[in-house]
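Novice: One structure, as structure tokens, below. Some questions next.
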Amino acid sequence: MTRQRPSRSSRWPWPPRGPRGAARRPRRGRWLLAAALVLVLALLTVLTALLDRPEPSPQAEEETLSCEPYGLELEAPVRQRQSAEDRGLFDGDLFGPAERTQDRFDLAFEHAGVTSSYHVLAQGVDWSRPVGVVFRLHGDGAWEFESPEYNVSCLAEVARTHNMILVVPRTPDRAGAITWWEESERNAAWFRALVEERLLQDYDIDRSRTWLTGYSGGAQLIARELLADHVDLVPGGGAILLGGGQAPPEAEAQPTREQLRDLRLHWDVGEDDDGTDPKATFNALRAARDGYRWYAQAGYDGVELRVREGVDHFELPDARILERVLTRAEEDSADEAG
């Protein structure tokens, strides 16, 4: 801030200063002492944040969730967002070896003026072995992002058993309904930057095991934007599209011969998910069939479509689907290597 000249008054101009020297030293010494104390207090605050972070309570560590509603007979540790007090003052800004092995929530990321946040669920992953990644793109409303203590906890446990981290981004969309598919090009650009500028810098990911999985509106973004225009983000692995995944209007990306041969693209949709339910008016069945046909015609060998009899938009066993697709991919890779 520019220093302002005092207004003229009976005290202006100021009286001449006294001689320099010993008379001014005590005041200067007091200022130096105060500055040193402020610096020491700031350093102590940082050290406290780094070395004395609050540990989760034993009760929270023992809390589990049944994954049966999501298709698996499995008890998964509950992955739950923490309050600002529990996270600590600097947790969102610091990253090091300790953070790589922890669950981290509500991390902010900005690209080209667009800001949103994401969770990384990495607890229990073995970094002495190659670590893959599963991205979960939520449906409209961002329920999975807002409530990771439910199905996201089960998805994270499935990912962990395959030595993969689970990343759950929130769409940057803020106006009206919370979706991935509105302003999809902008949202896809933000997601791409998140992967390249943040996640691949922070985590040593085995990119041959990169999986995009999305539900409803998240599946729409994967099929219509990410696979169509940003398929280089998935050099190996594939995509799982649940309750959606419509064909793109056009595609700018040129997949490699290896991607056309090796990527696994799995659509999964309920037979009753045809838009006739007043609570789910999007015809996901038609969208999934449309996307499956388009990518098969585009030359991808590993496309498949599963239509589940008697299942609607809200009943897909997404944890079981993830487990089976990942297991089958690993078995196929082992057979090819053998």
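Here, each number is a calculation from the coordinates, and none is a lab measurement. Computed from a predicted model, the values in this text were never measured in an experiment. Cβ placement follows ideal geometry from the backbone for every residue including glycine, while neighbour counts extend to all protein chains displayed.
Novice: Going by C-beta contacts inside 10 Å, put Phe105, Phe314, Phe191 in order with the fewest on the left.
Specialist: Working: Phe105 20, Phe314 13, Phe191 27.
Starting with the residue having the fewest Cβ neighbours, the order is Phe314, Phe105, Phe191.
Novice: Out of segment 158-223, which trypsin sites (Lys or Arg not before Pro) are coil in DSSP terms and have no more than 10 other C-beta atoms within 10 Å?
Specialist: Within segment 158-223, the qualifying trypsin sites (Lys or Arg not before Pro) (loop, at most 10 other Cβ atoms within 10 Å) are Arg174.
Novice: When a footprinting reagent is the concern and you count Cβ atoms within 10 Å, what order do Trp190, Trp294, Trp180, Trp127 take, fewest first?
Specialist: Trp127, Trp294, Trp190, Trp180
Novice: Taking the number of other C-beta atoms within 10 Å as the exposure measure, put Leu242, Leu200, Leu305, Leu326 in order starting with the fewest.
Specialist: By the 10 Å Cβ count, ascending, the order reads Leu200, Leu305, Leu326, Leu242.
Novice: Need one number: nm distance between label points at Gln201 and Asp232, each 7 Å from Cα along Cα→Cβ, rounded to one decimal.
Specialist: About 1.8 nm separates the two model spin labels.
Novice: Using the Cα centre as the reference, give the magnitude of the dipole from point charges on the C-beta atoms of segment 58-337 (Lys, Arg: +1; Asp, Glu: -1; all else neutral), rounded to the nearest 20 debye.
Specialist: Around 520 debye, computed over segment 58-337.
Novice: So between Glu258 and Glu271, what do we pick up on full extension, going 0.36 nm a residue minus the alpha carbon distance?
Specialist: Stretched fully, the Glu258-Glu271 segment lengthens by 1.4 nm.
Novice: Taking a ≥ b ≥ c as the square roots of the eigenvalues of the Cα gyration tensor of segment 58-337, is the shape rounded (a/c under 1.5), prolate (a/b larger than b/c) or oblate?
Specialist: Cα axes put segment 58-337 in the rounded bin.
Novice: In whole Å, largest first, what are the principal axis extents of the Cα atoms in segment 140-239?
Specialist: 37, 31, 22
Novice: Please list the radius of gyration and Dmax for segment 239-309, considering alpha-carbon atoms only, with Å as the unit.
Specialist: Cα-based Rg and Dmax for segment 239-309 come out at 13.0, 43 Å.
Novice: Multiply the residue gap between Trp143 and Ser66 by 0.36 nm, knock off their C-alpha separation, and tell me the result in nm, one decimal place. It would help to have the intermediate numbers written out before the result.
Specialist: Details: separation 77, 0.36 × 77 = 27.72 nm, distance 1.82 nm.
Using 0.36 nm per residue and subtracting the Cα-Cα distance, I get 25.9 nm.
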